[in-house]
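Below is one structure, written out as structure tokens; comments come after it.
The values are calculated or read from the model by the stated rules, or taken from the named source; none is laboratory data. A quick note: this is a predicted structure, and the numbers were derived from the prediction, not measured. Quick reminder, even Gly has a Cβ in these numbers, built from the backbone with ideal geometry, and neighbours come from all protein chains shown. For accessibility, only protein heavy atoms count, side chains too; no ligands or nucleic acids. Shrake-Rupley method; radii C 1.70, N 1.55, O 1.52, S 1.80 Å.
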Amino acid sequence: MAVRPGDDGALLISGGARDPNLHALAAAARTAGVMVHAVLHDAESEPALSWDLETGEMTVAGRPLVCAAAFQRYDVFSVPQAAGAIDRAQAWFSALGAGASHTTQSVSSTGP
């Protein structure tokens, strides 16, 4: 998943694996020639996430999280069954969003 900002305009799409809207967004982006990194999860588990607060580097499933843009959606299509799953899912969503925000802030672009 490691793509350096500005190299190819990679788009991070994250959320529930059963969300048809995320799959449609990824397909449309790929059709438009945009590289897509999908980080999708189910109700039982999310990909492992770690964040080095000293360097600012975040890894998801062991791969550096670096993207030019991100689209994140809370999973509304899976209903977590395990005790504490909703709290865990919310924490993962918040942490990934913060990490993506930190990563995409370093991308510069020229305005109109």
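Per-residue answers, yes or no, for (1) within 21 Å of ILE86 (Cα to Cα); (2) modelled with pLDDT of 90 or more; (3) polar (S, T, N, Q):
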{"residue": "VAL3", "(1), (2), (3)": "no, no, no"}
{"residue": "PRO20", "(1), (2), (3)": "yes, yes, no"}
{"residue": "GLU46", "(1), (2), (3)": "yes, no, no"}
{"residue": "LEU49", "(1), (2), (3)": "yes, no, no"}
{"residue": "GLU57", "(1), (2), (3)": "no, no, no"}
Being at pLDDT 85 or above, surrounded by 15 or more Cβ atoms within 10 Å (Cβ to Cβ) and among the aliphatic types (A, V, I, L, M) narrows LEU12, LEU65 down to just LEU12
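Take region 30-43 and flag every residue that is hydrophobic (A, V, I, L, M, F, W, C) and open to solvent by 30 Å² or more (accessible area, probe 1.4 Å). Give the steps one after another, and end with the answer.
Keep residues of region 30-43 that are hydrophobic (A, V, I, L, M, F, W, C), which gives 32, 34-36, 38-40, 43.
Within region 30-43, ALA32, VAL34, MET35, ALA38, LEU40 qualify.
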Show the residue pairs meeting these rules: Cβ distance below 8 Å; 6+ apart or different chains; first residue within region 20-43 and part of a loop (DSSP other than H, G, I, E, B); second residue buried (at least 17 other Cβ atoms within 10 Å of the Cβ) and of a type in the set (Val, Ile, Thr). MET35/VAL3
Identity of the residue in region 44-59, open to solvent by less than 60 Å² (accessible area, probe 1.4 Å) and in contact with a helix residue (DSSP H, G or I) (Cβ under 7 Å, 6 or more places away or on another chain), that ends up nearest to HIS102 (Cα to Cα): GLY56
Which of the residues belonging to region 68-98 are open to solvent by less than 40 Å² (accessible area, probe 1.4 Å), among the small types (Gly, Ala, Ser) and either in a strand (DSSP E or B) or modelled with pLDDT under 80 (or both)? SER78, ALA85, ALA89
Which residue pairs have Cβ atoms closer than 7 Å, lie 6 or more positions apart in sequence or on different chains, and pair a first residue in region 45-67 that is on the phi > 0 side of the Ramachandran plot with a second residue that is surrounded by 14 or more Cβ atoms within 10 Å (Cβ to Cβ)? GLY56/HIS102; ALA61/PRO47
